[in-house]
Amino acid sequence: RGRMIAPVTWHTTLLAEVGANAEGPLPWIERDYTPVSTAHDWEQGRVELVVKIYENGLATSWLAKVPVGATVWLSRPVETLRVPYLVADGMAYKFRPASVLLVLAGTGVVALPQVLAHRDPSHKLRISTARRDQLKVPIDLVLSFREDDALLVEDVATFCREAADDAQGEAATGVRNLELLLTPAAADGRPPYPEAAAPDAFAALNASQNATITRARLDAPRLAEAYARMPQPCRVVVSGPDAFNRAARAALIGLVEEEDDLTLLSA
């Protein structure tokens, strides 16, 4: 019998040819990105990245000036998390989760499509995976965005509909429950990409019966309520800016049985 491919989520490293820089002696720097496209897309020569351009970001400000059609160098895929455990390589595989709680913010949302693809890897990834290694468990999402800087909202709405339309009610598709937290817009009142702003970016989510939208910041009581809904043992995956990750970890550390039940990813 042939060996099955070990299911993982993955990222790639972008080489930004910025010239002389303070990070090292070489005329380039490296940044990791998690594609929102699949490993199958990669094998077909396609990749989609969500890149947030920062005015003072050395790599992203360089990338924003790269003309369409230019060559950009990406590394071969690198493992991020082993599925179904959703832990990084080298961490102990303590349990197969009976549920997954995703706590994501900002560009950390890019972890979502990759995790959900492992609910149906034969169709989404074109790989054969043992059923015990597929994420056929309830997956809930606590998601935080600045209200003028929300990413992949239509995709998130689709994932919510997939779960709501699951005729068998087994919580084996999409996102079972979503709590979207919106924080105030930028103080200068300028959205990052005004030309791309939709009339109502959240209309599809407002229509979802398994999604709630609240204008609030992440806090401990909210996370405690979300965690209490999860069948145990539950794997909690947190991905967002450093300040968000620290706040989420501090709130979750008293909820989970052991700190190793948390997986933290920088975004």
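The values are calculated or read from the model by the stated rules, or taken from the named source; none is laboratory data. Owing to the predicted nature of the structure, the values given are computational and were not obtained by experimental measurement. Note that each Cβ is placed from the backbone with ideal geometry, even for glycine, and that neighbours are counted across all protein chains shown. Accessible surface is based on the protein model in full, side chains and every heavy atom, while ligands, DNA and RNA are left aside. Shrake-Rupley method; radii C 1.70, N 1.55, O 1.52, S 1.80 Å.
Determine whether Gly108 is closer than 26 Å to Arg246 by Cβ, in a loop (DSSP other than H, G, I, E, B) and small (Gly, Ala, Ser). It is false that Gly108 is closer than 26 Å to Arg246 by Cβ, in a loop (DSSP other than H, G, I, E, B) and small (Gly, Ala, Ser).
Can you tell me how many residues within the stretch 19-47 are in a loop (DSSP other than H, G, I, E, B) and either open to solvent by less than 40 Å² (accessible area, probe 1.4 Å) or under 25 Å from Leu104 (Cβ atoms) (or both)? Of the residues in the stretch 19-47, 8 are in a loop (DSSP other than H, G, I, E, B) and either open to solvent by less than 40 Å² (accessible area, probe 1.4 Å) or under 25 Å from Leu104 (Cβ atoms) (or both). Just one of the listed residues (Val36, Val50, Val103) is under 21 Å from His123 (Cβ atoms) and under 19 Å from the mean Cα position of the chain (by Cα), and it is Val36. Just so you know, in the stretch 234-254 the residues that are outside any helix (DSSP H, G or I) and open to solvent by 50 Å² or more (accessible area, probe 1.4 Å) include one that is farthest from Glu154 (Cα to Cα), and it is Gly254. Residues in the stretch 185-208 that are assigned to a loop (DSSP other than H, G, I, E, B), open to solvent by 80 Å² or more (accessible area, probe 1.4 Å) and either modelled with pLDDT under 65 or of a type outside the set (Asp, Glu) (or both): Ala187, Arg190, Tyr193, Pro199, Ala207.
Given the structure, is Ala216 open to solvent by less than 40 Å² (accessible area, probe 1.4 Å), outside any loop (DSSP other than H, G, I, E, B) and in contact (Cβ under 8 Å) with a residue 24 or more places away in the chain? Judged against the criteria, Ala216 is not a match. Only residues that are open to solvent by 50 Å² or more (accessible area, probe 1.4 Å), assigned to a strand (DSSP E or B) and over 25 Å from Asn21 (Cα atoms) were counted in the stretch 57-105, giving 3. Restricting the stretch 117-152 to residues that are among the β-branched types (Val, Ile, Thr) and buried (at least 18 other Cβ atoms within 10 Å of the Cβ), the residue that is nearest to Trp42 (Cα to Cα) is Thr129.
Contact map, the stretch 81-108: residues that are without any contact (Cβ under 8 Å) to a residue 24 or more places away in the chain paired with residues that are open to solvent by 10 Å² or more (accessible area, probe 1.4 Å) and not acidic (Asp, Glu), Cβ distance under 6 Å, separation 6+ or inter-chain. Pairs shown: Tyr93/Tyr85.
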